[in-house]
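Notes follow once the structure below has been shown.
The values are calculated or read from the model by the stated rules, or taken from the named source; none is laboratory data. All values derive from a computational prediction rather than experimental measurement. We place every Cβ from the backbone using ideal geometry, glycine too, and count neighbours over all the protein chains shown.
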Amino acid sequence: MTARPPASSPEVAARMSRARRRDTAPEVAIRREAHRRGLRYRVDAALPGLPRRRADMVFGGRHVAVFVDGCFWHSCPIHATTPTANREWWVAKLERNQQRDRQTDEHLRELGWTVLRFWEHENPIAAVDVIERVVRGT
């Protein structure tokens, strides 16, 4: 991978520096609803056999990993955008993110885990409905 190019403007640099890696509003909304329903989980948990990869929520006893993917960073088919400045670098970066997601999913499934992925724009109640069915086995 080539070195990260400089930001195209101070405004872009400031905006990107504010991007959260964890505890985003969609993650927190899903966690609050899951907790309200009595589900207990680990937050931002390391994954078995995958250095430097973490799930947003982990139900360890049930081997369920939950990811709440940001539309920009994970190239949502509905809301994905590609910056025009440093376009080639961003295209490669976003493609690598998607490849890493698929590798993570495959690795966890090979270990017998259930992987649940939700987009940041999805309804948190509907997401927790799915999580609850899987975790409770109903």
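If you take the residues of the range 116-138 that are acidic (D, E) and closer than 18 Å to F59 by Cβ, which of them is surrounded by the most Cβ atoms within 10 Å (Cβ to Cβ)?
Taking the range 116-138 and keeping what is acidic (D, E), we get 120, 122, 129, 132.
Right, trim to closer than 18 Å to F59 by Cβ and you get 129, 132.
Values: D129: 13, E132: 16.
So, considering only residues that are acidic (D, E) and closer than 18 Å to F59 by Cβ, the one surrounded by the most Cβ atoms within 10 Å (Cβ to Cβ) is E132.
Would you mind stating whether A34 is of a type in the set (A, V, I, L, M, F, W, C) and more than 20 Å from I125 (Cα to Cα)? When the stated conditions are applied, A34 does not pass them. With the structure loaded, tell me whether W113 is surrounded by 16 or more Cβ atoms within 10 Å (Cβ to Cβ) and at pLDDT 95 or above or whether it fails that test. In short, yes. Within the range 33-48, residues that are in contact (Cβ under 8 Å) with a residue 60 or more places away in the chain reach partners that are among the acidic types (D, E) and not in a loop (DSSP other than H, G, I, E, B) with beta carbons closer than 7 Å, at six or more positions or on different chains, in the pairs R37/E132; L39/E132. Among residues of the range 59-104 being assigned to a helix (DSSP H, G or I) and within 24 Å of E33 (Cα to Cα), the one that is nearest to the chain's Cα centre (by Cα) is G60.
Being on the phi < 0 side of the Ramachandran plot and hydroxyl-bearing (S, T, Y) is the filter; apply it to the range 66-110 and report the residue that is surrounded by the most Cβ atoms within 10 Å (Cβ to Cβ). Write out each step before concluding.
First pass over the range 66-110, keeping only residues on the phi < 0 side of the Ramachandran plot: 66-74, 76-85, 87-110.
This time we only want the ones that are hydroxyl-bearing (S, T, Y), so: 81-82, 84, 104.
Values: T81: 11, T82: 12, T84: 8, T104: 20.
Restricting to residues being on the phi < 0 side of the Ramachandran plot and hydroxyl-bearing (S, T, Y), the top hit is T104.
You will find that of G49, G38, the residue that is out of contact with any Leu (no Cβ under 8 Å at 6 or more places or on another chain), at positive phi and of a type outside the set (S, T, Y) is G38 and no other.
Counting the residues of the range 48-92 that are closer than 19 Å to L116 by Cα and aliphatic (A, V, I, L, M) gives 9.
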